[in-house]
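The values are calculated or read from the model by the stated rules, or taken from the named source; none is laboratory data. Keep in mind that this is a model prediction, so the values were computed, not measured. Cβ placement follows ideal geometry from the backbone for every residue including glycine, while neighbour counts extend to all protein chains displayed.
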Amino acid sequence: MRGPDVAWYLGVAAFLFATGTLGVLLRRSPLIVLLSLEIMLNGGNLALITFSRLHGEAAGQIFALAVMAVAAAEVVVGLGLIVAIAQKRLDLDVDKLSFLRG
Amino acid sequence: MVVAAWICLVAPLAAALLITLLGTNLSRRGAGYIATASVLGSFTAAVVVLANLWSQSPEARSHPSTVWEWLTAGSFHVGLRILVDPLSVFMMLIVSGVGFLIVAYSIGYMEGDDEERRYFAYMALFVFSMLLLVQAGNLVILLAGWGLVGLSSYLLIGFWHDRPAAVAAAKKAFIMNAIGDATMALAFFLLIQHRQTLNFPDAFAVGPGHGWLVNLVALGLLGGAVAKSAQIPLQTWLPDAMEGPTPVSALIHAATMVTAGVYLIVRTHAVFEQAPRVEELAAGLGAGTLLVAGLIALVQTDIKRVIAYSTMSQIGYMFLGAGLGAYGNAMFHLMTHAFFKALLFLAAGVVIHALAGEQDIRKLAGVGRLLPVTRISFLIGSLALIGVPPLAGFFSKDSIIAAELARGWYGYVLFVAALIGTFLTGLYTWRLFLIVFTGEPSAFVREHLMGRSHAYGQEGAHVDDASPHGHERHEHKGEGPFWMMAPVLVLAVLSVIGGWIQFAPLWDPVSTWLDGVAPPLATPSGSQEAVASFLAVALGLAGIGIAYLIYGSRKLEAPRIAWAQTLLERKFYFDEAYDLAFYRPAVALAQSLTRWIEGPIIGGSIKELATGVREAGLGTGRLQTGLVRTYAFAIAASVAVITIVFVAVR
């Protein structure tokens, strides 16, 4: 296997995932939260592809493609929601959008 | 011949359906004509059946007929099966013949009522139910007819459904009958289990050696018979049933319903003969009823109730006869009783109709002079009821009384009871006749029959009250419409000559006719007949004489014994006793269950459950903050914890 060791790839994947997670947890703007989600998904994708290469199987790469498609769909829905919220002239702040409190 | 029997059965049903389906397309009169014609058709068909059966040899006179198998399981068949034999033909003739006269009478009596069509549909249904009962060829059909008779009586007793008393009386009749229906159905189940067949007469051929089973079955059947025939202890519904229109009372008392119990005992005599104790119980109940009913009738002031109690008393005679095994005599009395009891009710109906629905004999006093034809008819009916020769009651009642002499010491006890009964019959019948039909007209009568305008009214509702079913006011012509007087006259003739078809022991075609179905256990000898006849007639006449001295010439004062008077006016406190024994405990039980079980345990537990679920919901609801980042943090933290645990455990 050429290139860096598997551990590096996994390290980058974990870093991306952790960055995304922190973004989701700490940022308040829904736009940034959505962005961070994409970063998490890409971290996961990188891990999938790494293991796919390691084991010499195509299944992981196919999964990664499926995850990208889902991510694209999710972005469409998420951005649609954000546009709707903006049109209602509500604050773009996930902490203030808490109407579903029990 | 079997076809004729089927026509006899379905004609009234067809009329009932036709009247129901045509609805207001049919004129009110038309409904009456259809019902009358259908019952006349039934009678004609029954006569055809009789003629056919008559020409056959006595052994070959039983013809079952099944049109449709409802259920088949191996050798077990349940079908729509009728049985044509001498007994069922005898009953068919009485039911359809007397029924026809009563339905025809209703055309005049019910004219102007708001719901004539419904009335005639019910009447036709009633006749059909009774025909189904007497023609039934297996236990299921018998039970169906039995139940339908109860239903029709409920509908007709409560016909004037806006009167609370009528509705209450209808419910009472239905519930009392339901008790009998239940015991009878249980008896049928036992029989079916034991005999493996439903069909007559095999179903009843229990044979000797089944002590407790046969006694239970006989007791169950007796329960049904007692309820339907208003014998002690299930008799309380009958006087209340007088809330229905008068022709309905006549139908219940003469042609249908109350005679069903006697028919049942005769039909199932094979069972009763295997259970002699129960048979004696039936005779004893009959004797008790005829005395109790005769005593109560002495103090009643409602014209229809007096006649109702006399019916109970006469059915008591029939039970007495059937219980002692004098089946032919009991059935013969059933027939003559149908004639004179229908006559008495219909004649009373003429009086009630002419006097705007009044039924109190003190107000009706002295109406006889103004209604001479009715007076003669009522006189004939009364004499036939008392059993004065040569009217119908004499021939039939005396045969029953004589039959007791042929049955040992128990028979003698019943013999004495029956003789006291004839005395009471003379007393109360003549009291009624003298008060209502002789003497000077009362103020009430003068006001209604001698004034300018007369009104026909519904029973119990005075003209001044705005009656909901208000019969129209119209001028009084003669004693009543043709449709009312013609049946009364026909029945008057029948009450005279109806008894002549049998004069035991010289001439007994009725008993011979029924011998093939129910051979009698007790046949009185000629001398016993003579003794019984002599005593019965003498006591009947004594009753008449005493009634005359008290209510006619007023030479004798009626004895005034306060407690006895109250006892009789309250009908021996049967209603109060049942109220105390069944109704009150049931209500108390229900209330205590509500108080101690329903409230704290059932209601309480459900309330606790609901509260618990609600609390749990509120508690978990607090976890729902609505803050997306909290959820995300919870997920991330959980994943982290799971990962750490996973790694650590590995």
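When the test is whether a residue is over 21 Å from B:ASP240 (Cβ atoms) and in a helix (DSSP H, G or I), B:LEU213 passes it. Total residues in region A:68-102 satisfying the condition of being within 14 Å of another protein chain (Cβ to nearest Cβ) and not in a helix (DSSP H, G or I): the figure is 13. Considering B:THR301, B:THR259, B:THR246, the condition of being modelled with pLDDT of 85 or more, surrounded by fewer than 24 Cβ atoms within 10 Å (Cβ to Cβ) and hydroxyl-bearing (Ser, Thr, Tyr) is satisfied by B:THR301 alone.
Count of region B:119-147 residues, restricted to those that are out of contact with any Pro (no Cβ under 6 Å at 6 or more places or on another chain) and either surrounded by 22 or more Cβ atoms within 10 Å (Cβ to Cβ) or closer than 16 Å to B:SER38 by Cβ (or both), is 20. When region B:610-650 is limited to residues that are of a type in the set (D, E, K, R) and over 22 Å from A:GLY23 (Cα atoms), the one that is nearest to the other protein chains (Cβ to nearest Cβ) turns out to be B:ARG622. B:GLN300 passes all but one of (1) outside any helix (DSSP H, G or I); (2) touching a strand residue (DSSP E or B) at 6+ places or on another chain (Cβ under 9 Å); which number fails? Here B:GLN300 clears every test but (2). Taking B:SER65 as the residue in question, decide whether it is over 25 Å from B:GLN196 (Cα atoms), among the polar types (S, T, N, Q) and either outside the structural domain of B:PRO487 (by TED's automatic domain parsing) or in contact with a helix residue (DSSP H, G or I) (Cβ under 7 Å, 6 or more places away or on another chain) (or both). No, not satisfied.
Would you confirm whether any residue within region B:85-104 is over 19 Å from the mean Cα position of the chain (by Cα) and not in a helix (DSSP H, G or I)? The answer is yes, given that some residue of region B:85-104 is over 19 Å from the mean Cα position of the chain (by Cα) and not in a helix (DSSP H, G or I). Inside region A:19-39, residues that are facing chain B (nearest Cβ under 10 Å), touching a residue at least 24 places away in the same chain (Cβ under 8 Å) and in a helix (DSSP H, G or I) make up a count of 3.
Residues in region B:241-291 that are hydroxyl-bearing (Ser, Thr, Tyr) and more than 20 Å from B:VAL413 (Cα to Cα): B:THR246, B:SER249, B:THR256, B:THR259, B:TYR263, B:THR268. With respect to the conditions (1) closer than 17 Å to A:LEU97 by Cβ; (2) more than 14 Å from chain B (Cβ to nearest Cβ); (3) among the hydrophobic types (A, V, I, L, M, F, W, C), A:ALA7 lacks only one, and its number is (1).
Flag not set for B:GLU608, criterion: at negative phi and either modelled with pLDDT under 90 or assigned by TED's automatic domain parsing to the domain that holds B:LEU298 (or both). Taking the criterion of being touching an Asp or Glu at 6+ places or on another chain (Cβ under 6 Å), modelled with pLDDT under 90 and surrounded by 12 or more Cβ atoms within 10 Å (Cβ to Cβ), would at least one residue in region B:578-601 satisfy it? Within region B:578-601, none of the residues are touching an Asp or Glu at 6+ places or on another chain (Cβ under 6 Å), modelled with pLDDT under 90 and surrounded by 12 or more Cβ atoms within 10 Å (Cβ to Cβ).
In this structure, is A:ALA58 at pLDDT 90 or above and among the aliphatic types (A, V, I, L, M)? Criteria not met by A:ALA58.
Yes/no per residue for (1) outside any helix (DSSP H, G or I); (2) in contact (Cβ under 8 Å) with a residue 24 or more places away in the chain; (3) assigned by TED's automatic domain parsing to the domain that holds B:VAL490; (4) buried (at least 20 other Cβ atoms within 10 Å of the Cβ):
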| site | (1), (2), (3), (4) |
| --- | --- |
| B:LEU379 | no, yes, yes, no |
| B:GLY393 | no, yes, yes, yes |
| B:SER396 | no, yes, yes, yes |
| B:TYR412 | no, no, yes, no |
| B:ALA418 | no, yes, yes, yes |
| B:LEU424 | no, yes, yes, yes |
| B:ARG431 | no, yes, yes, yes |
| B:LEU434 | no, yes, yes, yes |
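For region B:320-344, a tally of residues being assigned to a loop (DSSP other than H, G, I, E, B) and closer than 21 Å to B:ARG305 by Cβ returns 0.
When region B:229-241 is filtered for residues that are under 11 Å from the mean Cα position of the chain (by Cα), modelled with pLDDT of 85 or more and over 12 Å from B:TYR154 (Cα atoms), the ones remaining, listed by number, are B:SER229, B:ALA230, B:GLN231, B:PRO239.
Looking only at residues in region B:58-99 that are surrounded by fewer than 22 Cβ atoms within 10 Å (Cβ to Cβ), in contact with a Phe, Trp or Tyr (Cβ under 9 Å, 6 or more places away or on another chain) and among the aliphatic types (A, V, I, L, M), the one that is modelled with the highest pLDDT is B:LEU93.
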